[in-house]
1. Residue under question is R33, and the condition is that it be surrounded by 10 or more Cβ atoms within 10 Å (Cβ to Cβ) and either of a type in the set (K, R) or in contact with a strand residue (DSSP E or B) (Cβ under 8 Å, 6 or more places away or on another chain) (or both); does it hold?
2. Count, please, the residues in the range 31-47 that happen to be over 25 Å from the mean Cα position of the chain (by Cα) and hydrophobic (A, V, I, L, M, F, W, C).
Amino acid sequence: MEAFNEYVVAMEDRVEVSRNDKEIESIGSEIKRLSAELETTQARGKKGC
């Protein structure tokens, strides 16, 4: 029974890591999008000067 409990805890940890990976991936995508938007805004600002 103890081995099963350890297995369950290990699987819960894996699920949590998987969720974190998805969150990190999502945050990375958001950073890329915002970086591109910032570059576009800066380029428009330089053209307007």
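Derivation of every value follows stated rules applied to the coordinates shown; laboratory data play no part. Quick caveat: nothing in here was measured; it's all calculated off a predicted structure. Cβ sites come from the backbone with ideal geometry, for glycine too, and all protein chains shown count toward neighbours.
1. On the way: surrounded by 10 or more Cβ atoms within 10 Å (Cβ to Cβ): yes; either of a type in the set (K, R) or in contact with a strand residue (DSSP E or B) (Cβ under 8 Å, 6 or more places away or on another chain) (or both): yes.
So R33 passes the test.
2. Residues flagged as over 25 Å from the mean Cα position of the chain (by Cα) and hydrophobic (A, V, I, L, M, F, W, C) within the range 31-47 amount to 1.
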